[in-house]
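A.B. asks: Before I ask anything, let me first share the structure, which is written out below as structure tokens.
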Amino acid sequence: MRVAVLTGGGDCPGLNAVIRGIVKARKDEEVVGIMRGWKGAVEGTYVRLSDENVEGIHLLGGTILGTSRVNPFSIEGGPEKVEANLKKEGIDALIAIGGDDTLTVASKFSSRGFKVIGVPKTIDNDVANTDYTFGFHTAVNVGADAIDRLQSTAKSHERIIFVELMGRNAGWITLEAGLAAGAHLILIPEFPRTIEEIIEVLDKRMKAKRYAVVAVAEGFKPTELEQVVGDKTSVDAFGHIKLGGIAHYLAEIIEQKTGYETRSVVLGHLLRGGTPTAFDRILGTRYGVEAMRLVQQGDFGRMVALRGNDIISIPLQYGVATKKVVPYEYYKLAEMFFG
Ligand code: F6P
């Protein structure tokens with residue numbers, strides 16, 4: 001049996017651990033990698049994967065297969081090209097490693113009759129029906145370390161520093177990094193606030209302690225703004241605009257309105273780069289091994305998932321049906337430490 005693997009969407013620490021897990025768990029299957037995600041599937045760019053190719057790669061960030069944000073279903077004749085290439089290469093099954101967008105495409109190929117397994121990936125941790133996606137733990141650690149470091153400089157200069165973290169629809173990274181590093185206010189897409197409400201918290205904090213660090217997710221929108229802050233002219237194949245700039249926006253407006261000195265920092269892709277934590281290496285490895293096991297059992301149309309400490313599998317469409325966002329109770333807990 002020939003099994004193809006691809007990694008799609010934003011890269012994520014732990015992707016290589018999944019690839020290695022898949023290759024190591026093979027029996028008599030032959031594993032090939034599709035280069036650059038769905039782009040390579042459309043173009044037919046394949047590479048043979050062996051024990052040698054995956055030696056030690058679980059220690060590395062990024063993905064040895066490369067990635068893209070290409071959507072074959074938004075390309076004329078795209079799905080047919082993918083299917084023709086898979087057929088030409090004699091591929092019997094496909095393991096797609098990706099977030100919501102990549103898995104939605106995988107689910108469509110599954111509905112068209114191809115044998116597909118999904119592996120959930122995103123630093124944002126917003127894939128539904130899995131407790132965690134790998135990459136998230138690494139991103140939270142990097143974010144928490146950055147917020148820790150901003151505390152001392154904010155304090156020395158008696159400033160408010162706004163630090164922007166990735167998180168398009170879900171504020172998991174910002175919430176957990178902020179909570180771990182003691183941010184004085186955490187702003188996430190799930191719970192909008194008005195500028196006046198933000199000022200109220202910060203004014204109290206500044207009067208008492210004279211400095212503050214605010215963790216804000218890139219997808220946070222103050223209640224009075226019509227749209228999220230970002231580059232609306234740049235939209236990817238899945239219809240997402242390029243986000244970024246909310247920390248700068250808030251820093252400017254709050255300095256204007258309060259007179260407190262502010263600064264802003266964008267962590268952006270720093271959160272995604274570099275070597276995965278031990279947790280993400282292990283989660284990625286377990287996902288990869290389970291994905292190959294499902295292939296061997298002929299259990300297709302499924303997504304591997306973490307439930308408690310167990311690796312399970314669920315129908316692929318459950319993973320892409322909704323987004324997992326931060327629940328109100330969790331945000332309430334974080335709120336206890338604001339100010
Ligand atoms: O993969 C999800 C994500 O990390 C989002 O949080 C962020 O908005 C996006 O990727 C940025 O991706 P790109 O690499 O295309 O700039």
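The values are calculated or read from the model by the stated rules, or taken from the named source; none is laboratory data. Just so we're clear, the structure is a prediction, and the values are computed from it rather than from any experiment. All Cβ positions, even for glycine, are placed from backbone atoms using ideal geometry, and neighbour counts span all protein chains on display. When the accessible area is computed, the model is the full protein with side chains, heavy atoms only, and any ligands, DNA or RNA have been set aside. Shrake-Rupley method; radii C 1.70, N 1.55, O 1.52, S 1.80 Å.
A.B. asks: Can you list the lysines whose alpha carbon is less than 21 Å from that of Lys332, not counting same-chain residues fewer than 8 positions off?
C.D. replies: Straight-distance partners of Lys332: Lys204, Lys221, Lys323, Lys324.
A.B. asks: Return the carbon/sulfur percentage of the accessible area of the chain, one whole number, probe 1.4 Å, all protein chains in place.
C.D. replies: 50 percent
A.B. asks: Top to bottom by accessible area (1.4 Å), largest first, where do Met1, Met166, Met336 land?
C.D. replies: Met336, Met1, Met166
A.B. asks: Under a 5 Å amide H to amide H cut-off, with H placed in plane at 1.01 Å, what residues pair with Val266 once short-range neighbours are removed?
C.D. replies: Close amide H contacts, sequence-distant or interchain: Glu164.
A.B. asks: While we're on this one: Dipole of segment 130-197 (Lys/Arg Cβ +1, Asp/Glu Cβ -1, origin at the Cα centre): which of Gly178, Ile160, Pro189 lies farthest to the positive side?
C.D. replies: Checked the options; the winner is Ile160.
A.B. asks: Helix 246-258 versus the longest principal axis of the chain: what is the Cα-based angle in degrees, 0 to 90, to the nearest 10?
C.D. replies: For 246-258 against the chain, the angle is about 10 degrees.
A.B. asks: Under 5 Å between amide hydrogens, which residues at least 5 positions from Leu187 or on another chain qualify, with H placed 1.01 Å from N in the peptide plane?
C.D. replies: Residues meeting the criterion, in which the H sits 1.01 Å from N, are Ala215, Val216, Ala217.
A.B. asks: Give me a comma-separated list of calculated 3J(HN,Hα) values for segment 281-296, in order, Karplus coefficients 6.51, -1.76, 1.60 applied at θ = phi - 60°, integers in Hz, x for any Gly or Pro.
C.D. replies: 5, 6, 4, x, 4, 5, 4, x, 5, 5, 4, 5, 4, 5, 4, 5
A.B. asks: What does the accessible area per residue of segment 1-107 come to in Å², with a 1.4 Å probe and no ligands, DNA or RNA counted?
C.D. replies: That works out to 38 Å² per residue.
A.B. asks: Taking +1 at the Cβ of each Lys and Arg and -1 at the Cβ of each Asp and Glu, which of Ala321, Thr104, Leu86 sits farthest along the dipole of the chain towards its positive end, judged by Cα position relative to the Cα centre?
C.D. replies: Leu86
A.B. asks: Another question about this same structure. With each run of n ≥ 4 DSSP H residues scored as -39500 (n - 2.57), what mean residue ellipticity at 222 nm is computed for the chain after dividing by its residue count and rounding to the nearest 500 deg cm²/dmol?
C.D. replies: -12500 deg cm²/dmol
A.B. asks: Continuing with the same structure: Would you kindly state how much longer the chain becomes between Asp145 and Arg210 on full extension, computed as 0.36 nm times their sequence separation minus their alpha carbon distance, in nm to one decimal?
C.D. replies: Gain on stretching Asp145 to Arg210: 21.2 nm.
A.B. asks: Mind running the shape call on segment 138-273? Use the C-alpha gyration tensor, a ≥ b ≥ c as the square roots of the eigenvalues: rounded below 1.5 for a/c, prolate if a/b tops b/c, oblate otherwise.
C.D. replies: Oblate.
A.B. asks: In terms of modelled amide H atoms, which long-range or inter-chain residues lie less than 5 Å from the amide H of Ala4?
C.D. replies: Val32, Asp92, Ala93, Leu94, Ile95
A.B. asks: Right, something else. Could you check the simple spin-label distance between Glu158 and Ala84, using points 7 Å along Cα→Cβ, in nm with one decimal?
C.D. replies: In this crude label model, Glu158 to Ala84 measures out at 7.0 nm.
A.B. asks: Treat every Asp and Glu Cβ in the chain as -1 and every Lys and Arg Cβ as +1, leave all other atoms uncharged, and give the resulting dipole magnitude about the Cα centre to the nearest 20 debye.
C.D. replies: In debye, rounded to 20, the chain gives about 340.
A.B. asks: I've got another one for you. In whole Hz, what ³J(HN,Hα) sequence does segment 151-160 give by Karplus (6.51, -1.76, 1.60; θ = phi - 60°), x for Gly and Pro?
C.D. replies: Whole-Hz 3J(HN,Hα) from phi for segment 151-160: 4, 5, 6, 4, 5, 4, 9, 6, 10, 9.
A.B. asks: Using a Gaussian network for the chain with springs between C-alpha atoms less than 10 Å apart, which of these wobbles most: Gly268, Gly90, Gly33?
C.D. replies: Gly90
A.B. asks: Hey, another quick one. Which ³J(HN,Hα) values in Hz, rounded to whole numbers, follow from the phi angles of segment 136-147 under the Karplus curve 6.51 cos²θ - 1.76 cosθ + 1.60, where θ = phi - 60° and Gly and Pro get x?
C.D. replies: 4, 4, 5, 4, 5, 4, 5, x, 5, 4, 5, 5
A.B. asks: Right, another one. Can you pull out the GluC sites (Glu not before Pro) in segment 71-143 whose DSSP state is coil and whose Cβ has at most 12 other Cβ atoms within 10 Å?
C.D. replies: Glu76
A.B. asks: Continuing with the same structure: With every protein chain kept in place and ligands, DNA and RNA left out, what is the accessible area per residue of segment 153-312? Probe 1.4 Å, answer in Å².
C.D. replies: 44 Å²
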